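Participant: Take a look at the following structure, please.
Bear in mind that the values in this text are calculations on the coordinates, not laboratory data. Worth saying up front: this structure is predicted, and the values here are computed from it rather than measured. Heads up, the Cβs are rebuilt from the backbone with ideal geometry, glycines too, and the neighbour counts pull from every protein chain shown.
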Amino acid sequence: MAAKKTSMYRTQRRIFSVLYFVAIFILLVIFLSPFLWMVYCSFKTPIELSKLPVNWLKGLTMDNYQKVFVQQNFFKFIKNSVIVAAGSTFFGLLIGLPASYSIARHGQKKLSMLILTSRIVPGITFLLPLYIMFRELKMVDTYTSLILAHMLTGLPFIVWLMTPFFESLPKELGEAAVVDGASSLRTFVSIVLPLSVPGIVTATILSFTFSWNNFMFSIVLATNRTRTVPVAIYNFISYASIDWGGLMAAATVITLPILVLAVITQRYVIRGMTAGAVKG
Amino acid sequence: MKRLNLLLVLILILSSVLSVSAQDKPFDGQTIRVVLANHAWTDAVAPKIPEFEALTGIKVEWESYGEEQLNQKLTTEFIAGNAGVDVFMTRPLQEGANMEMNGWYYDLAEKTAADVEYDFEDFTESSRSATTFNGTITAIPLVTEQEILYYRKDILEENGIEVPTTLDELYAAAEKLNDPANEFYGFVARGQRSPLVTQLSSFIYSYGGDWFDRDTYTATLNTPETLAGIEMYSNLLKNFGPPGVLNMHWAQCIGIFNEKKVAFYTDASSLYPNLLDPTKSDVAEVTGCAVFPAGPAGAVMYDITAWGLSIYAESQNKDAAWEFIRWATGKENSLFIQGEKAQQLARTSVWNDPEGIKSFPADWAAAVAGSIGAKSYDRPLITAVTEARDLIGGIVVTAIEGGDYLKAADEANVKFQEMLNNEKP
């Protein structure tokens with residue numbers, strides 16, 4: 001009787017695990033197929049791209065990538081985007097982490113609402129004032145102006161993500177440190193920050209991605225010198241003609257850094273999640 | 001002493017040389033900022049800019065953007081005022097009326113009138129009238145385009161069908177060739193609400209209709225003539241168009257035409273490389289071009305100036321900016337850009353020169369030549385172009401969906417009239 005029950009459980013569990021994998025597989029197909037199609041198309045000649053049914057092995061070429069890196073010099077645009085995204089994320093964290101710690105510890109709800117308003121107001125509202133300001137300061141087409149503008153979207157996000165995270169840390173930890181004679185800054189740097197790595201990593205990835213994909217500020221505040229990838233990708237769309245192959249290659253190239261960043265930092269995020277689970 | 005003399009002579013010679021070159025290059029050392037669109041015209045001109053710089057001593061800082069991005073960037077900079085722009089590319093039909101009203105264009109009348117060598121009269125009349133708003137010459141016409149008929153030569157030949165010269169013939173031919181069971185369709189054109197309006201225009205004009213009466217500012221979206229044009233366009237798409245036509249812009253139309261699934265396609269002549277270039281299209285060999293078919297009012301297609309080159313009203317370097325424009329759009333460069341780079345320009349002398357049309361397919365060139373001088377607009381020429389396009393496109397979408405388009409046209413006409421009342425000078 002007992003044996004029968006166990007085997008029933010076993011079958012049941014097997015069925016569930018099969019269903020589980022089927023569900024994962026379906027989800028993967030849905031999410032990955034446009035991405036894989038993009039990567040595949042980036043290796044096709046223009047004439048083969050428009051053909052149906054698809055001939056999978058015909059018309060493969062590296063021309064599109066040659067266009068991206070040699071003709072259009074995407075290295076420069078990627079460099080610009082990395083500088084701006086890294087810069088705005090770094091300074092966003094530098095200001096945002098202490099700010100959200102303070103908000104969390106001292107319950108400064110009004111302050112955090114104030115910061116949130118800059119996310120609620122549509123970004124385009126800031127566009128004109130920012131442009132006029134930077135123009136008067138002769139800072140149009142500089143990294144500084146782009147980094148500052150991108151912080152406008154990144155910083156509130158970091159604050160709102162990190163505040164609950166800091167709130168969830170036990171207060172006693174900080175108090176213990178203070179009893180042992182640590183200053184607030186020391187407590188923050190040596191105790192709170194190391195415990196918050198998963199949160200910080202998540203904030204970093206998302207803030208970096210926001211900046212990486214930001215189009216609106218980049219189109220107006222940058223011209224040739226500091227043009228970023230979301231603007232540069234339009235180089236493949238011209239009046240009355242679209243270079244689909246080049247477009248797909250460029251899209252693949254600009255997705256890659258974000259993908260790599262996500263894969264590298266993923267284990268930190270997972271570690272953070274499991275650490276929380278064990279604690280209960 | 002001798003040495004000193006020699007030195008003096010040298011200095012004299014040198015200074016005279018310098019003064020001559022200074023006369024030749026009155027703008028030497030100036031810098032202009034030129035903001036262009038991503039366009040084959042830009043690709044043709046950009047490599048020649050160093051030539052211009054060497055010739056005049058003007059330093060050109062140029063940048064280019066996608067169509068909508070260009071508009072967004074320019075508008076932001078212009079609204080902020082005192083922008084550093086000198087020369088910019090502009091779409092007379094889309095934003096011309098609006099930018100003129102805001103006073104962002106420098107009136108080129110004086111420059112063009114004073115420059116005999118440049119010969120502004122050489123530009124086609126429709127292109128000149130297209131860039132003139134309220135008496136202001138807002139831009140030099142760059143590239144033009146007309147609505148033409150693309151068709152499959154092989155399919156027509158197999159079925160013993162002549163190239164349609166009237167819209168009724170086109171309808172009959174599309175009906176005969178339409179074979180949805182085998183995934184072959186008689187006709188395709190833009191079905192997306194706003195983009196379709198420009199390609200609908202030639203249908204409406206050829207039935208004697210128009211958007212509104214330009215003298216009295218009376219909306220004419222529900223007149224029998226305009227409705228007849230709308231009916232022809234929507235019936236072609238509804239009865240013989242491919243599935244999902246309501247989501248089709250030109251890129252999707254080109255796609256399905258290149259998949260060998262369509263017999264006829266009406267759209268802008270500027271799209272021809274997508275169909276006739278063997279490196280881009282599988283049907284290059286079997287695609288023909290013809291003049292837009294005639295309706296009861298004749299074949300009245302659009303002949304528009306898609307892009308123009310303008311000087312910003314607040315530019316600090318207007319003379320140097322004009323020097324750039326007259327170089328870029330002068331006779332010599334125009335012959336090069338049209339003859340060698342196959343761009344469709346607006347200079348009559350270039351069209352009359354065999355060198356100027358040598359890169360074009362013969363039947364395409366004939367179709368275009370047969371369209372020059374027709375209507376200079378393909379959408380209502382008002383400041384609220386975007387809203388008007390949505391309104392008009394809505395009637396056609398209703399008709400294709402099989403809805404009550406007569407009612408839709410009446411309603412749209414009332415709303416359109418309200419817009420016109422605001423625009424009335």
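Participant: Just tell me how shielded A:232-239 is by partners: mean number of partner chain Cβ atoms within 10 Å of each residue's Cβ, no decimals.
Facilitator: 6
Participant: So, one more: Tally the DSSP beta bridges in the protein assembly as shown and give the antiparallel ones as a percent, rounded to 5.
Facilitator: Roughly 70 percent of the DSSP beta bridges within the protein assembly as shown come out antiparallel.
Participant: May I pose another question? Would you count, across chain A, every pair of lysines whose alpha carbons are under 29 angstrom apart, provided the pair is eight or more residues apart or spans two chains?
Facilitator: 14
Participant: Could you put B:D122, B:D378, B:D213 in order, starting from the residue whose Cβ has the fewest other Cβ atoms within 10 Å?
Facilitator: Fewest-to-most ranking of B:D122, B:D378, B:D213: B:D213, B:D122, B:D378.
Participant: For the pair A:L57/A:A182, report the inter-label distance in nm, with labels modelled 7 Å from Cα in the Cβ direction.
Facilitator: 6.2
Participant: What lysines could a cross-link reach from B:K111, if we take a straight Cα to Cα line under 20 Å and drop same-chain neighbours fewer than 8 places away?
Facilitator: B:K25, B:K318, B:K331
Participant: Name the residues of the range A:207-236 whose amide N is less than 12 Å from a point 7 angstrom out from the Cα of A:R119 along the C-beta direction?
Facilitator: A:207
Participant: How big, in percent, is the set of alpha carbon pairs in the range A:73-279 lying more than 26 Å apart?
Facilitator: 44
Participant: If you rank A:F69, A:F236, A:F25, A:F134 by fewest surrounding Cβ atoms within 10 Å, what's the result?
Facilitator: A:F25, A:F69, A:F134, A:F236
Participant: Ranking request for peptides B:352-363, B:125-136: highest mean number of other beta-carbon atoms within 10 Å first, then the rest in descending order.
Facilitator: In descending order of packing, they fall as B:125-136, B:352-363.
Participant: Let me confirm one metric for peptide B:282-289, namely the mean number of other chain beta-carbon atoms within 10 Å of its residues' beta-carbons.
Facilitator: Average neighbour count from other chains, rounded to a whole number: 1.
Participant: With springs connecting C-alpha atoms under 10 Å apart, model chain A as a Gaussian network and identify which of A:F126, A:F157, A:F16 has the largest mean-square fluctuation.
Facilitator: A:F16
Participant: Under a crude label model (7 Å from the Cα following the beta-carbon direction), how far is B:E387 from B:N134 in nanometres?
Facilitator: Placing both labels 7 Å along Cα→Cβ, they lie 1.8 nm apart.
Participant: Once you have the Cα-Cα distance between B:I79 and B:K341, take 0.36 nm times their residue separation minus that, and quote the gain in nm to one decimal.
Facilitator: Between B:I79 and B:K341, full extension yields an extra 90.8 nm.
Participant: Let's test the formula: R0 of 60 Å, r as the Cβ-Cβ distance of B:E110 and B:K176. What FRET efficiency results, to the nearest 0.05?
Facilitator: E between B:E110 and B:K176, to the nearest 0.05, is 0.60.
Participant: In chain B, what % of DSSP beta bridges are antiparallel (nearest 5)?
Facilitator: If we restrict to bridges inside chain B, about 65 percent are antiparallel.
Participant: Give a quick list of GluC sites (Glu not before Pro) in the range B:171-246 that DSSP marks as loop, anything other than H, G, I, E or B, with at most 15 other Cβ atoms within 10 Å.
Facilitator: For GluC sites (Glu not before Pro) across the range B:171-246 that sit outside H, G, I, E and B with at most 15 neighbouring Cβ atoms in 10 Å, the list reads B:E183.
Participant: Would you mind computing Rg(Cα) / (2.2 N^0.38 Å) for chain B, counting N as its residues?
Facilitator: The value comes to 1.12.
Participant: Quote the FRET efficiency, to the nearest 0.05, computed for B:E183 versus B:E401 with a Förster distance R0 of 30 Å and r equal to the Cβ-Cβ distance.
Facilitator: 0.90
Participant: Ignore the peptide's own chain and count Cβ atoms of other chains within 10 Å of each Cβ in B:63-74; give me the average, rounded.
Facilitator: Partner Cβ neighbours, averaged per residue: 5.
Participant: Are there any helices in chain B, counted as whole DSSP H runs, that stretch 18 Å or more along their axis by Cα and score at least 0.5 on average by Kyte-Doolittle, and if so which?
Facilitator: Within chain B the helices that satisfy the rule are B:2-24, B:385-400.
Participant: Output the relative contact order of chain A, whole-number percent, from Cα pairs under 8 angstrom with separation of 6+ residues.
Facilitator: Result for chain A is 28 percent.
Participant: Scan chain A and note any complete DSSP helix (H) whose C-alpha atoms cover at least 18 Å along its axis and whose Kyte-Doolittle average is -1.0 or more.
Facilitator: Span-like helices here: A:2-41, A:74-106, A:124-136, A:143-168, A:197-213, A:244-279.
Participant: In nm, give the distance between the simple-model label positions of A:L111 and A:I26, each being 7 Å from the Cα along the Cα-to-Cβ direction.
Facilitator: The modelled label-to-label distance comes out at 4.8 nm.
Participant: Could you list A:R227, A:R13, B:R347 so that the one with the fewest beta carbons within 10 Å of its beta carbon is first and the one with the most is last?
Facilitator: Fewest-to-most ranking of A:R227, A:R13, B:R347: A:R13, A:R227, B:R347.
Participant: Name the aspartates and glutamates eligible as straight-distance cross-link partners of B:K358: C-alpha to C-alpha under 20 Å, and not fewer than 8 places from it in the same chain.
Facilitator: B:D43, B:D122, B:E145, B:D277, B:E285, B:E332, B:E340
Participant: Quick check: net charge around A:T228, other residues with Cβ under 14 Å of its Cβ, Lys/Arg +1 and Asp/Glu -1?
Facilitator: +3
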